[in-house]
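One structure is given here, and the rest of the page talks about it.
Read-outs throughout are calculated quantities, based only on the coordinates presented, and are distinct from any laboratory measurement. The structure displayed is predicted, hence computed values, not measured ones. So basically every Cβ, Gly included, is an ideal-geometry build from the backbone, and we count neighbours across all protein chains shown.
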Amino acid sequence: MEKVIIFDTTLRDGEQSPGASLNTKQKLEIAHQLSALGVDVFEAGFPASSPGDFEAVSLIAKKVKGPIICGLARALRKDIDICFNAIKHSKKRRIHTFLATSPIHMKYKLKLTPNEVLRRAVDAVKYAKSKTFDVEFSPEDAARSESDFLCRVVEAVIDAGATTVNIPDTVGYSIPSEFGELIARLFARVPNINKAVISVHCHNDLGLAVANSLAAVMNGARQVECTINGLGERAGNASLEEIVMCLRTRKKFFNLSTGIKTTEISKTSKLVSSLTGMIIQPNKAIVGNNAFAHEAGIHQHGVLARSSTYEIMTPQSIGLKASSLVLGKHSGRHAFEKKLRELGIRLTPGEFEKAFKDFKTLADKKKDIYDEDIESIIEDELSQSGEKRMYELENIFISSGTGMKPVARIKLKKGNKSFSAEASGDGPVDSSYKAVDKIISQKFKLIDYSVKSISIGKDAVGEAMIRLNYKGKTFFGRGTSTDVIEASVKAYLSAINKVLRK
Ligand SMILES: [Zn+2]
């Protein structure tokens, strides 16, 4: 069976989702998980875009084994140099360079004639090829490019040494039959097309990213660029889990396979969601909370009698397990360490000590500790480690009740200094946020706030996720605690600390 190459761009295009920025340690954790998931290639970042991106890509190239590590570069020699310096530590490496080919982009953005674009594209591919064998080229906005010109560019970059040519629907404008025809036309008209892998990169502005990608695959594309949970610029990219499960569930129809270990899908999706703060809608295909929930009685009856009555794929196939009871108050260091290994979590000794301390604190408050609780402790650790902590919550006191004005008294710590404030607001959360604002003497605009429980039971750990706006930029914060007010304050502080670091 022929294989479709799965190219993940969660760490590059996905990280461009508004408010989804990740620190280096979080990127590395996601990169390790993408490797466990079995992606063939992943784009670790855009090294020339910032020193932080460069650092993350080179760390990933040093540490992550398995997939091809790819870096993005504009069609400029200096970008390609920086990109190569970041990925060179990996034995399996790829330079992905791009230049727009649509009339609107060439005229208004690049201010170049088509011939100049063609020359620059060829020059960039040749230059990248002089650095490393595996070179991908993308004619940006290909879906809106003029057909003859696109064919010329594709032919020229393959001649120049591109091993993969990626056809993006950059603005998510295409319709499946039309996009499929575009790919078919390239195969019919570009004489050397079989010397490269044809790839697609579809955006979801009209909700068609997955459909367009599959239409391309049916017409000969053999690499799909996608992201976990469909993250990405604006409405996002084609979602990896949907592409992969489509090909798997309808294997007879497509007659194609992927190298993805589908039982890692659920875990990868959760990790990406909690580290980026991009919450998954409950009815999202494959990884939404309701994706395998059968509500109607007649459906439940059918599924119990024989699961295939209403289930086209099983929850086990994406790695969903019933929440399992793991540890408690008396579990020691050994049991905790073993559990981390089972969950595939890697920590440095210092991080382990902190995580173990947090685990013990949690075990004092909560009788049963589930996998999800452990994962949340680790995610807290990951979002804070490697960065100097700024404001931390020392303690909080709330008085609130029916018919009375809520009051919050808060004590924060920064280094070895303590700060206190008291405030009153519309409810306990509002009051505590106002108290925090007083201490920091800044005003932040809260644009999103949600609380949910991580595991089961009335004593479950609550996870608060917030987004705030500061000078036009969005910052995400996450906090957990058995007390939802405390979780909310931690989430607020985690977002504020990101603002202050900038
Ligand atoms: Zn994109």
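Observations, loosely collected:
- Neighbour cut-off at most 10 other Cβ (10 Å), DSSP loop, trypsin sites (Lys or Arg not before Pro), the range 431-472: Lys443, Lys458, Lys471
- Which listed pairs, of Lys270/Lys490; Lys107/Lys471; Lys111/Lys473, have C-alpha distances above 26 Å, in listed order: Lys107/Lys471; Lys111/Lys473
- Under 15 Å from the Cα of Lys195 - aspartates and glutamates, other chains or at least 8 residues apart: Asp134, Glu136, Glu155, Asp159
- Separation of the alpha carbons by more than 22 angstrom is noted, of Lys3/Lys261; Lys357/Lys413; Lys434/Lys458, for Lys434/Lys458.
- Protection proxy ranking, peptides 402-410, 168-176, average beta carbon neighbours within 10 Å, highest first: 168-176, 402-410
- Estimated 222 nm signal from helices in the chain, with DSSP H stretches of n ≥ 4 weighted -39500 (n - 2.57), rounded to 500: -12500 deg cm²/dmol
- The range 398-502: C-alpha pair distances exceeding 18 Å, %: 49
- Rounded tilt (10° steps) of 240-249 against the dominant C-alpha axis of the chain: 70
- Per-selection Kirkwood Rh - the chain (Cα, Å, 1 d.p.): 24.5
- Gain upon complete extension [Lys251, Ser399; 0.36 nm per residue less C-alpha separation]: 47.4 nm
- Shown here are the Rg and Dmax of the Cα trace of the range 2-276, at 17.1, 48 Å.
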